[in-house]
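Enquirer: Here it is: the structure, laid out below.
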Amino acid sequence: MNKSQLGFIFVLLAGALWGTTGTVTKYIYAYGVEPVTLALLRIWISFFCLYIFAVLTGRRVQIKRKDIPFFLAYGAVSVAAFNLLYLSAIQLTTVSMAVVLLYTAPAFSMLAARLVLKESLSIRKFFALVLTFAGIILVVGAYRPGQVLFNLPGIMAGLGAGLTYGVYSIFTKRAFQRGYGPLETVIVALGSGLGFLLFVRPPWYLLPLLSGPLSLWLLVLTMAVFSTMLAYLFFVTGLVHVAAGKATLIAAVEPVVAIAVAIIFLGESMNLLQFVGVVAVLAAMLSQKS
């Protein structure tokens, strides 16, 4: 297995883990947790676990003074803002609507990669992008007006999530170019995002949750460890060997996983058009493997 294929697998795993976010979030919201609180919890726990791992394995996490503004922007945009916007979109609309809006990200990512990283936008990438969007629309059933909740705040939150997720890979590539490794990049980015979230929601607002049921905390830990920490780590590791725009397309397996998880745990069904959409997304993803 070459490095390009390994990078493909890591990004694929990241997309699969992110695909569990919608269903887990819906379960957590049933306990009355707000998006900003959930965003703070998932980032806080993820940052803490990764930092402890770095300390135990003897890895130093250092940031150069000249790079502080860069990582502040990284954390504010692609960690804090992304989580707030995406979790808000899930709350304000449906999971399907939030997912299809999130995956405007490949367009934002490819455009940013072209302008910032000077990556080429080949016919193959463009075709994969179109196929991805078509597949996502079919998968989430966005072609049926009755299923789509036209909520302006929710739509804006979803588009904002797409933008901040799309530029995440650009920030990560820039971090690599500045000499930071995958683990170091994730820890610093999460720490920066955590700082902004703590400013928005001070930690004492979390005190009432300490008396919450064990089931709530198991859901929060599942989201923090699997849907956040490992997903971020897999994604940035894959970016070492995969172009930024291409990585965002590969991670578009997320809505496919989201549908499958919803079928298994929420009892949702899949019609023929949704199945065609799954095939389209997988075809677009596989076209980027080589």
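Enquirer: Out of all the residues in region 29-50, which are within 18 Å of Gly154 (Cβ to Cβ) and either touching a strand residue (DSSP E or B) at 6+ places or on another chain (Cβ under 8 Å) or part of a helix (DSSP H, G or I) (or both)?
Expert: Tyr29, Pro35, Val36, Leu38, Ala39
Enquirer: What are the residue pairs meeting all of these: first residue in region 155-168, first residue closer than 8 Å to Phe108 by Cα and assigned to a helix (DSSP H, G or I), second residue among the β-branched types (Val, Ile, Thr) and modelled with pLDDT of 90 or more, Cβ atoms under 9 Å, and 6 or more apart or on different chains?
Expert: Cβ pairs passing all conditions: Leu163/Val77.
Enquirer: Quick one: is Ala231 modelled with pLDDT of 80 or more and under 12 Å from the mean Cα position of the chain (by Cα)?
Expert: Answer is yes for this residue.
Enquirer: For region 270-290: of the residues being out of contact with any helix residue (DSSP H, G or I) (no Cβ under 7 Å at 6 or more places or on another chain) and at pLDDT 75 or above, which is nearest to Lys125 (Cα to Cα)?
Expert: The qualifying residue nearest to Lys125 (Cα to Cα) is Val279.
Enquirer: For Val61, all conditions in the list (1) of a type in the set (Val, Ile, Thr); (2) surrounded by fewer than 24 Cβ atoms within 10 Å (Cβ to Cβ); (3) part of a helix (DSSP H, G or I) hold save one; what is the number of the exception?
Expert: The single condition Val61 does not satisfy is (3).
Enquirer: Let me ask something additional. Need pairs with beta-carbon distance below 9 Å; first residue at positive phi and within region 115-131, second of a type in the set (Lys, Arg); sequence gap 6+ or separate chains.
Expert: none
Enquirer: For region 36-66, give me each residue that is under 15 Å from Thr222 (Cα atoms) and without any contact (Cβ under 8 Å) to a residue 60 or more places away in the chain.
Expert: Selection gives Phe48 alone.
Enquirer: Check Gly179, Gly160, Gly141 and return the single one that is surrounded by 14 or more Cβ atoms within 10 Å (Cβ to Cβ) and modelled with pLDDT of 80 or more.
Expert: Just a single option satisfies the conditions, and that option is Gly160.
Enquirer: With respect to Ser78, is the statement that it is of a type outside the set (Asp, Glu) and either touching a residue at least 24 places away in the same chain (Cβ under 8 Å) or crowded, with 20+ Cβ neighbours inside 10 Å (or both) true?
Expert: Answer is yes for this residue.
The values are calculated or read from the model by the stated rules, or taken from the named source; none is laboratory data. Quick caveat, the model's predicted, so the values are computed rather than measured. With ideal geometry, Cβ positions are generated from the backbone for all residues, glycine too; neighbour counts draw on all protein chains shown.
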